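The values are calculated or read from the model by the stated rules, or taken from the named source; none is laboratory data. For clarity, every value in this text was computed on a predicted model and none was experimentally measured. Cβ placement follows ideal geometry from the backbone for every residue including glycine, while neighbour counts extend to all protein chains displayed. Surface areas here come from the heavy atoms of the whole protein model, side chains and all, with no ligands, DNA or RNA. Shrake-Rupley method; radii C 1.70, N 1.55, O 1.52, S 1.80 Å.
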Amino acid sequence: MIVPLEWLKEYTDINVSQDEYLSKMIMMGIGVESVEELGAELNGVIVSKIMSMEKHPDADRLKICMLDVGAEEPLQIITAAPNVSKGDVVPVATHGTKLPSGMVIKKGKMRGIVSNGMLCGGEELDLTDDDCEGASVDGVLILPNDLTAGIGIAEALKIGGVVVDFEVYANRPDRQSIIGMARETAATLETELRLPEISVDKTIDEKMPISVTVQDAELCSRYIARVVKNVKIEPSPPWMQKSLKQAGVRPINNIVDITNYVMLEMGQPMHAFDLACVGGNQIIVRKATEDETLMTLDEKERKLEAGMLVIADSQKPIGVAGVMGGGNSDITDETKDIVLEAASFLSSSIRATSKALGLSTESSARFVKGVDASGTEEAMDRAAQLVVMLNAGEVINEKIDICSQLETNRKVEASVKSINDLLGLELSATEVVALLNRAFIPSEVKDEDTVVCNVPDYRRDIEITVDVAEEVARMYGYENIPMSLMRGGLMVGALSESDAQGDRAKARLCSLGFFEAQTYSFIGPREYDALGLAEDDGLRKCVPLFNPFGEDQSLMRTTMVPGLLRTVSLNASRKNTNVCLFEVGSVFLPKALPLVELPKEKQMLGLAMYGDDFDFFTLKGAIESVASCLNIQGMSFEVGGPEYLHPGQKAIVTIGRKQIGYIGCLHPDIADNFELESGVLVGEIDWTKLIDSASNDTIKAYALPKYPSVERDLALVMDIDQPAGELVDMMKKAGGAIIESAVPFDVFVGKQVGENKKSVAYSLVFRASDRTLTDEEISPVIKKIVKNAGKRFGAELR
């Protein structure tokens, strides 16, 4: 709901700053979509009057203008515009002004004479003829002569002001009007609400020249028609045009503007028909028939569907009920008599019609949320009052009011104890009544535990105690309600041990530079083709979808790798050179196809890395780091893994004797299928097995060593396919208590070490907790390591 604050202030006062007002409205449960200062882009552009104009001495086309800008001294500006002359009122952009186009105006010299600004045209100010007549003319915009020099152009053209777009929820249609939001504002700020006094003073006593028939009372619960004779079609007054413009509605003429003004002010959509175009002087509210069409006011031919509610005369439809009027009964300059319409239509019917026609209007938006039928007559009287006020025509005193159902004077009793229990408060019945009265819900105390609410007709959302409690909470202030735990024997919630361990593992991955991703659980056959999987590969045994979005999402995934690779590929195409992703999600493994029972849903951890700084050992280290944070013992890596991984850079991850997954470098051919360069690392770990292996044992801390370490490097030549990690395990066993660590730090392959051989350099660290080690203690251990390396692994000292 777009609300101009200037218009809103006609009905209530805003006694706080704008920011505080909006904050208070938000705390009252009224969303603020946006705040816009209309005309802000025209700051610095002012109205001026040309006092004198002389030819520039050194340029034939230039003129020196002296302008009255409301200051003591006139302003000198040089212009080449051919359409200005002495006495014209024009807009001028002064020094430092930034125009809507982004151009910044600065004073300067033109052929040696100072110019302190620029005369502006409508295009430069981003104005149209709707804002000011003549704005589309090429040249300087000539303003009306009655404008005061020195005032801002936005103020002069009445296009300035602050407007707030408030969110209107489906259960609060009473807020879709200026008065509705004024009522909420008055309740929020505890200020006076000033409603317009509605009365139609001057009417003519004539018989209504039309008849009204409502054929479907369910779709149209109320229909009011009133005739205005001898109308004078002319522009509406400036104050009305300004209000409409600020609310985003284009002024058309006084009659149409009145209907739009009432709709915005009171939330009741209205329409005006040219009486001369109403065939047979009959208005019939009925359903459309097959093959009926209507040219609507937007000059589009609409094919109506059977069942759509229309406003018709004796021969044809003249409007789509609640959506838009027909062009065959439009108000024109030749219109003499009109029929004003105000009605209440079934919201579901208007929603269906609006959707079917692809036509959404201010009127349909209000009817879809709901229009209070009890306010329809008041809106009609308001429109008639404005017609008389603007001297736009003669209103016939009689009006036709067909009302099939109207529920009024509803009462809702609410328990004070229930309200307090819901809100966690200790309010008395008197305090509850005071808060409800502040919300414009007249209430009274029935007894110490019961209040009676006389629910206004426009508050259809209040039906039971919880609705009353919501109003009490809003008026009391959500921020003032003390926090408390839920009652009813509920225990304080907490994460399960497995969930806590899972969060700990995710946090560790994030600390290592990984970002958590979430990919689709759906996959396509081409993804498996891109992985190079054989036709009989078990991963191709997927659950098919009956109604997929497309072939690329026609299967339930059995592996997380393709989705992660597509994400990495997308990042690489966007020039993101370093990517680390992980995802915890489900894969779906059917026991048989076609399905005879639900597939097994298995939780997996998928990982993908891409970048110059990453290699196989980076991913391996990440897995080991996760195991460390979960206090997992016995994790190891063995040669093996899927065929789509590089044969020399892949490993199966085990804990004890259980295989829990694999890691490795993607095969270059497979990387190319995903439009990636070589060096992409992937992994897939059974998340459940990983978390179940976590230990709750207390991690022990040790004092820093008192004695220095002794470091030795050892290079061993071995077969190229010999896993270097197996020698690490042997070294640790051979070193016993004095070896602190054994880490491979370099691998060399070349002619110097022989064909199909590699040289692996290990860094060995020795330390004792009670003494400084000597060479006599370390040398035998190194000899034992070399001997075992040769005997068990065929490795030789380089």
- Please identify the GluC sites (Glu not before Pro) of segment 323-374 that satisfy two criteria: DSSP loop assignment and at most 11 other Cβ atoms within 10 Å. Which are they? GLU334
- Task: Report in % the part of the accessible area of segment 392-441 that belongs to carbon and sulfur, leaving out ligands and nucleic acids; probe 1.4 Å.
- Result: 46 percent
- State the three equivalent ellipsoid semi-axes of the chain, derived from the C-alpha gyration tensor as the square roots of 5 times its eigenvalues, in descending order and whole Å. 75, 40, 30
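Using a probe of 1.4 angstrom, how much of the accessible area of segment 196-335 is carbon and sulfur, in percent? Intermediate values should be presented prior to the final figure.
On the way: 2660 of 5930 Å².
Of all accessible area on segment 196-335, carbon and sulfur atoms account for 45 percent.
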- What ranking, highest mean first, results for peptides 89-101, 741-753 when packing means the other Cβ atoms within 10 Å averaged over each residue? 89-101, 741-753
- Determine the per residue accessible area of the chain with all protein chains present and a 1.4 angstrom probe, expressed in square angstrom. 51 Å²
- Report the FRET efficiency, 1/(1 + (r/R0)^6), for GLU155 and ALA356, where r is their Cβ-Cβ distance and R0 is 41 Å, rounded to 0.05. 0.40
- Item | Over 23 Å between alpha carbons, listed pairs LYS287/LYS316; LYS24/LYS158; LYS541/LYS602 | LYS24/LYS158
- Distance in Å, no decimals, from the C-alpha centre of segment 1-53 to the one of segment 635-657 is 66 Å
- Note on the structure: If the chain between SER136 and LYS229 were fully extended at 0.36 nm per residue, the gain over the current Cα-Cα distance would be 29.9 nm
- Item | Within the accessible area of segment 679-798 (1.4 Å probe), percent carbon and sulfur | 50 percent
- Taking N as the number of residues in segment 643-798, what is its Cα Rg relative to 2.2 N^0.38 Å? 1.29
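Order the following by accessible area, largest value first: ARG798, ARG504, ARG382. Probe radius 1.4 Å; ligands, DNA and RNA are ignored.
ARG798, ARG504, ARG382
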